[in-house]
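**Student:** Take a look at the following structure, please.
The values are calculated or read from the model by the stated rules, or taken from the named source; none is laboratory data. Model, not experiment: these values are computed from the prediction. A quick note on method: Cβ atoms are made from the backbone with ideal geometry, for glycine too, and the neighbour counts reach across all protein chains shown.
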Amino acid sequence: MRLKSIEHLFTEPDLSPFDPYYAPYSFAAGMDYLVGEMQRRPRTTRTELTVLLPPDQIEAQPGLEARTREAIERYAEAWASSARQTQDIEGVRARRVLAVAVVFFVVAQLVYLWHSRTGALFGASGILLDVALEGLSVAAWVVVWWPLDQLLHASLQYRLDERAYRTLQGIDLRVLPDPNPPAPSALLPLTPLERSDPPQRSAPSSPS
């Protein structure tokens, strides 16, 4: 990963495509991009990261690799703990909602089945009642969908996030000087070209 600054490992870089350090991972912080790559390969058990920085930054910051490794460990621990906490909170909410949703689902389906067999409900019948009970049956399925989705799909996603961040704590990190740093002139910001008005042509004088 070729970065303009070590800070771009944890913060989103503000780079223009005109900047030679602009890369496919410039849309997000370097660690966010790395976590996404790890989630693309969930079977990977070992992660290596090589960060290339301008040589002058490495010379000006002795021990940068060790400090960066410690920063990654703190970053990974914080986000892994956050993922676990969010998973626990959402799980508690989903189970509470599911308990109420199951009761509503059972009652709604019993009413719907009773009407389907008898053609009436408490002596009432008609097309409006039929439509209302059809809607009640559909609503019963919708009500149980959210808590089941949270317990199954969302919970799995939080576990994958936590696993990815835990894996970061054992990352094999190397911070090296960029062997091909861009020329200083390539780093200068572009300035808009000055537009000059075309010279005015004098009107031909009329013959006397």
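**Student:** Which pairs do you get when a residue that is free of Cβ contacts under 8 Å to residues at least 60 places away in the same chain, found in the stretch 88-106, comes within reach of a residue that is in a helix (DSSP H, G or I) and among the β-branched types (Val, Ile, Thr), reach meaning Cβ atoms under 6 angstrom, with the pair 6+ apart or on two chains?
**Tutor:** Every condition considered, the pairs that remain are Ala101/Val143; Ala101/Val144; Phe104/Val143; Phe105/Val144.
**Student:** Take the residues in the stretch 24-46 that are closer than 21 Å to Asp178 by Cβ and of a type outside the set (A, V, I, L, M, F, W, C), then tell me which one is surrounded by the fewest Cβ atoms within 10 Å (Cβ to Cβ).
**Tutor:** Among those that are closer than 21 Å to Asp178 by Cβ and of a type outside the set (A, V, I, L, M, F, W, C), it is Pro24.
**Student:** Taking Val131 as the residue in question, decide whether it is over 30 Å from Arg174 (Cβ atoms) and either at pLDDT below 90 or outside any helix (DSSP H, G or I) (or both).
**Tutor:** When the stated conditions are applied, Val131 passes them.
**Student:** Let me ask something else about it. With respect to Leu168, is the statement that it is surrounded by 15 or more Cβ atoms within 10 Å (Cβ to Cβ), within 30 Å of Pro54 (Cβ to Cβ) and either over 25 Å from the mean Cα position of the chain (by Cα) or of a type in the set (A, V, I, L, M, F, W, C) (or both) true? Before you say what the answer is, go through the steps one by one.
**Tutor:** Values: surrounded by 15 or more Cβ atoms within 10 Å (Cβ to Cβ): yes; within 30 Å of Pro54 (Cβ to Cβ): yes; either over 25 Å from the mean Cα position of the chain (by Cα) or of a type in the set (A, V, I, L, M, F, W, C) (or both): yes.
In short, yes.
**Student:** Could I ask something else about it? Tell me yes or no: at least one residue of the stretch 67-78 is among the aliphatic types (A, V, I, L, M) and at pLDDT below 90.
**Tutor:** Within the stretch 67-78, not a single residue is among the aliphatic types (A, V, I, L, M) and at pLDDT below 90.
**Student:** Quickly run through the stretch 54-88 and pick out the residues that are farther than 30 Å from Ala154 by Cα and among the small types (Gly, Ala, Ser).
**Tutor:** Hits for the stretch 54-88 are Ala60, Gly63, Ala66.
**Student:** If Val102 satisfies all but one of (1) within 21 Å of Ile171 (Cβ to Cβ); (2) at pLDDT 90 or above; (3) not in a loop (DSSP other than H, G, I, E, B), what's the number of the condition it fails?
**Tutor:** (1)
**Student:** A further question on this structure: Under 6 Å by Cβ, and 6 or more places apart or on different chains, what pairs join a residue from the stretch 3-31 that is farther than 23 Å from Ala60 by Cβ with one that is not in a loop (DSSP other than H, G, I, E, B)?
**Tutor:** That search, which allows pairs on different chains as well, returns Tyr25/Tyr33.
**Student:** Which of the numbered conditions does Leu129 fail, given that it passes all the others? Conditions: (1) surrounded by 13 or more Cβ atoms within 10 Å (Cβ to Cβ); (2) under 28 Å from Leu156 (Cβ atoms).
**Tutor:** (2)
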